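**Student:** One structure, pasted below without further comment.
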Amino acid sequence: MTTPTHKLENFPASSEFLASTLKTNPVVGRVWLFDEIPSTQTFLEGVENLTVGDIAVARHQTSGRGRLSRTWDDEAEHSILLSIALPKSDVLTLAVGLGVLGALTEWCPELSLKWPNDIVVVESEHYFKIGGIITTGVDKDLAIAGIGVNLISPVGVPQALGLSDLTAEKLDVTKILQSIVDEVLRTLTLDAQDIIREYRIRTSTIDRYVRILAMNGKSIYGKAIDVANDGALLLETENGQIRILSGDVQYVRFAEH
């Protein structure tokens, strides 16, 4: 597979152009576009009078943030990088992942969600990450979702691919951005239990043997059997069923523990 940059086209030319495109959705508020910024997530966290629908987009981040205190590394114009202010919800993280997945399947129907919110393509027990989401709270009513999607495969990251690896089409970057924003906002209009039901269909984690790397460094092995109504992952282990609220999921073979 190759990932030529000439498969990418129509990067947003300015904040004004991007705003005029995204604001066809009435929920979208203020829009900022940066050639380079430390982090779109950090930027929105510092915006005064932040409201639902405010969006920051970057061509490149120098200190991008990932889940579990990790960094998100990118090269300029090799990724879609945005943060959006959204209403808080008990299932916000899953809902945003579902919305991003819904947008990207136009270009690659084989994509799925690895719990809780990684966008992946799966080959047997192996998976390749295409994108990911983080969410941070602002106040009791407002949160910020940070979304990163690889358009070009990151160099030196063997377990990651870019969307351009998975389609023969040229990728219209502005169209993908618009589709992500629209699908995320649409998904958030659904009832929480409808989101969970749809998530169960679109995740590749259920019915797989997994290893969970917990925040405390411990590793938990078992079979993922369901996603609970509050978004927790239900894991069947040798000691019985447990609930996983956070952690890094790895797909493994039955004997790999």
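**Student:** Can you tell me which residues in region 12-29 are more than 17 Å from V52 (Cβ to Cβ) and in a helix (DSSP H, G or I)?
**Tutor:** Scanning region 12-29 gives S15, E16, F17, L18, S20, T21.
**Student:** What number goes with the only condition from (1) under 30 Å from A56 (Cα atoms); (2) exposed (fewer than 14 other Cβ atoms within 10 Å of the Cβ); (3) free of Cβ contacts under 8 Å to residues at least 60 places away in the same chain that L166 does not pass?
**Tutor:** With (1) under 30 Å from A56 (Cα atoms); (2) exposed (fewer than 14 other Cβ atoms within 10 Å of the Cβ); (3) free of Cβ contacts under 8 Å to residues at least 60 places away in the same chain applied to L166, the lone miss is (2).
**Student:** Of all residues being basic (K, R) and more than 19 Å from V96 (Cα to Cα) in region 169-219, which is surrounded by the fewest Cβ atoms within 10 Å (Cβ to Cβ)? Just the residue, please.
**Tutor:** K218
**Student:** Moving to a separate point now. What is the residue count in region 127-150 for residues that are surrounded by fewer than 23 Cβ atoms within 10 Å (Cβ to Cβ) and small (G, A, S)?
**Tutor:** 2
**Student:** Are there any pairs, at least 6 apart or on different chains, whose C-beta atoms fall under 8 Å, with the first in region 31-50 and touching a residue at least 12 places away in the same chain (Cβ under 8 Å) and assigned by TED's automatic domain parsing to the domain that holds L18 and the second hydrophobic (A, V, I, L, M, F, W, C) and in a helix (DSSP H, G or I), and if so, which?
**Tutor:** From region 31-50, the pairs are V31/L18; V31/A19; V31/L22; W32/F43; L33/L18; F34/F43; I37/F43; L50/L44.
**Student:** Kindly indicate the residue of region 1-60 that is aromatic (F, W, Y) and touching a Phe, Trp or Tyr at 6+ places or on another chain (Cβ under 9 Å) and also farthest from A160 (Cα to Cα) among those meeting that condition.
**Tutor:** Result: W32.
**Student:** Now for a different question. Looking only at region 220-249, count every residue that is exposed (fewer than 15 other Cβ atoms within 10 Å of the Cβ) and in a loop (DSSP other than H, G, I, E, B) and tell me the total.
**Tutor:** Count: 7.
**Student:** If I filter region 248-257 for residues that are under 16 Å from the mean Cα position of the chain (by Cα) and closer than 20 Å to W115 by Cβ, do I get at least one hit?
**Tutor:** yes
**Student:** In addition: Filter the strands (runs of 3 or more DSSP E) completely within region 100-219 down to those with at least 3 residues that are farther than 22 Å from A85 by Cβ.
**Tutor:** Qualifying strands (runs of 3 or more DSSP E): 112-114, 118-123, 126-137, 209-213.
The values are calculated or read from the model by the stated rules, or taken from the named source; none is laboratory data. Keep in mind it's a predicted model, so treat the numbers as computed, not measured. Cβ: placed from backbone, ideal geometry, glycine included. Neighbour counts: every protein chain shown.
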